[in-house]
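Okay, structure first, notes after.
The values are calculated or read from the model by the stated rules, or taken from the named source; none is laboratory data. It should be emphasised that the depicted structure is a prediction, and the values quoted were computed from it without experimental measurement. No Cβ is skipped: glycine too gets one built from the backbone with ideal geometry, and neighbour counts run over all protein chains shown. Ligands, DNA and RNA are stripped out before the accessible areas are found, and what is left, the full protein with its side chains, is counted by its heavy atoms. Shrake-Rupley method; radii C 1.70, N 1.55, O 1.52, S 1.80 Å.
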Amino acid sequence: MATAGKVIRCRAAVAWAPSEPLSVEEVEVAPPKAGEVRIKIVATGICHSDDHVLKGSLPNVEFPVIPGHEGAGIVESIGEGVTSVKPGDKVIPLCMPQCGECSFCRNPESNYCQKFHFSDPQNLLPDKTSRFSCKGKQIHHFVWVSTFAEYTVVPEYAVAKIDAAAPLDKVCLFGCGFSTGYGAAINAAKVKPGSSCAIFGLGGVGLSVVMGCKAAGASRIIAVDINKDKFAKAKQLGATDCINPRDFQKPIQEVLTEMTGQGVDYSFEVIGRADTMIAALASCNMSTGVCVMVGVVDSEISIDPTLLLTGRTWKGTMLGGWKSRDCIPKLVSSYLEKKFNPDLLITHTLPFAKVNEGFELLHAGKSIRTVLLF
């Protein structure tokens, strides 16, 4: 391609410091080095984790940074030694890499990779340099993907090639939100047919959990949120009951226990708050209940150990338990076969220049997923 091997000047949303609005700037994106891929981003979703970045509450992030981790695009050029993708391929950059070499990647039961952000910060590419600069300053990557840029550079093992028929403005959600929520039910909880589930938080990820619980055959799916405007969408996607904790005088875990007799079989916390984590754990039945932590919590949690001593399982999941490079392309193919419809999660589509407006919709509780188009 005409741009291969050259620095590309393009737009990106830069977070110069925590708690400041994103600034749409002209940035320079260096060409990919060996083992790297430069991608033209076509569409990117706004995820709550990006909001955590802007607030400065996500660990290991360094400013200035280009956020965004839920995108889809087209390979523009490749570095030396790259064999799994070529220019023109449709791809999803992956916030959870799959290096294929670490002990976790080699474990068939694990989807974690030791190169992931919580083990080894992904603020710079593996050679410890950045491909982004703006106004003469180095700009950091975010979990290597930085999809709030028209072009981004990522390691080959953080790129998934997807079906050429995939609509990029829809499947960008597979980079995080949909895959995380749907997989939390299918892979992490392993929801059984006929079971009962409670989902705390009805954003894009929480509603994807609802879809996963329905696909797994759960007979009762209780959606919990303080924003009743999200209930209609939850029911459309499979929720059988919708409850607002503010409508009750008693703790929500007591309400759920009364609704189900002994508590639900599976509960999911998709908000990222310590108090709702405890409520979700206490709302699943004490003998065999499984509580899955999906939301990112930025504080420590104190719990009564008897909640676990009696038999409950409390676990977390990253990217829904999918091995990223292996599974995301298969999920996209299943979507093209109409096995599920995450398009329903997209409530707003905005031009990239309105990225801050997208975050305002998120803060106001008016959007499920906003997709930005370049």
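Could you sort the peptides 341-354, 175-188 by per-residue average Cβ neighbour count (10 Å cutoff), highest mean leading?
Working: 341-354: 15.9, 175-188: 27.4.
The peptides rank, most packed first, as 175-188, 341-354.
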(message) Explain nothing, just the number: dipole magnitude of the stretch 119-167 about its Cα centre with +1 on each Lys and Arg Cβ and -1 on each Asp and Glu Cβ, in debye rounded to the nearest 20.
(response) 260 debye
(message) If you count only protein heavy atoms with a 1.4 Å probe, what accessible area per residue comes out for the chain, rounded to a whole Å²?
(response) 41 Å²
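Sort 140-146, 106-112 by the packing proxy (mean of other Cβ within 10 Å over each peptide's residues), most packed first. Don't skip to the end; give the middle numbers.
Working: 140-146: 26.7, 106-112: 13.3.
Top of the packing list down: 140-146, 106-112.
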(request) Under 15 Å between C-alpha atoms is the cut-off here; go through the stretch 1-117 and count lysine pairs that meet it, provided they're at least eight residues apart or on different chains. (result) 5
(request) Would you work out what percent of the accessible area of the stretch 44-170, with all protein chains in place, is carbon or sulfur (probe 1.4 Å)? (result) 50 percent
(request) Of the listed pairs 233/330; 190/250; 192/339, which have alpha-carbon separations greater than 28 Å here? (result) 190/250
(message) What number does the chain give for Rg over Rh if you use C-alpha atoms and the Kirkwood radius?
(response) 0.97
(request) Would you mind getting me the FRET efficiency between residue 24 and residue 247? Use the beta-carbon distance for r and R0 = 45 Å, nearest 0.05. (result) 0.65
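If packing is taken as the average number of other Cβ atoms within 10 Å across a peptide's residues, how do 251-264, 302-315 rank, most packed first?
Values: 251-264: 18.5, 302-315: 12.4.
So the order, starting with the most tightly packed, is 251-264, 302-315.
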(request) Per DSSP H run of at least 4 residues, take -39500 (n - 2.57); add these up for the chain, divide by its residues and hand me the 222 nm value, nearest 500 deg cm²/dmol. (result) -6000 deg cm²/dmol
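Which percent, to the nearest 5, of DSSP beta bridges fully inside the chain are antiparallel? Please report the intermediate quantities before stating the final value.
Working: 34 of 61 bridges.
In the chain, approximately 55 percent of DSSP beta bridges are antiparallel ones.
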(request) Taking a cut-off of 21 Å between Cα atoms, list the lysines near residue 230, but don't count ones fewer than 8 places away on the same chain. (result) 170, 214, 366
(request) Enter the Cα centre distance for the pair the stretch 30-97 and the stretch 151-219, rounded to the nearest angstrom. (result) 19 Å
(request) For the stretch 223-307, with all protein chains present and a 1.4 Å probe, just round the carbon and sulfur fraction of the accessible area to a whole percent. (result) 49 percent
(request) Would you mind getting me the FRET efficiency between residue 315 and residue 357? Use the beta-carbon distance for r and R0 = 41 Å, nearest 0.05. (result) 0.65
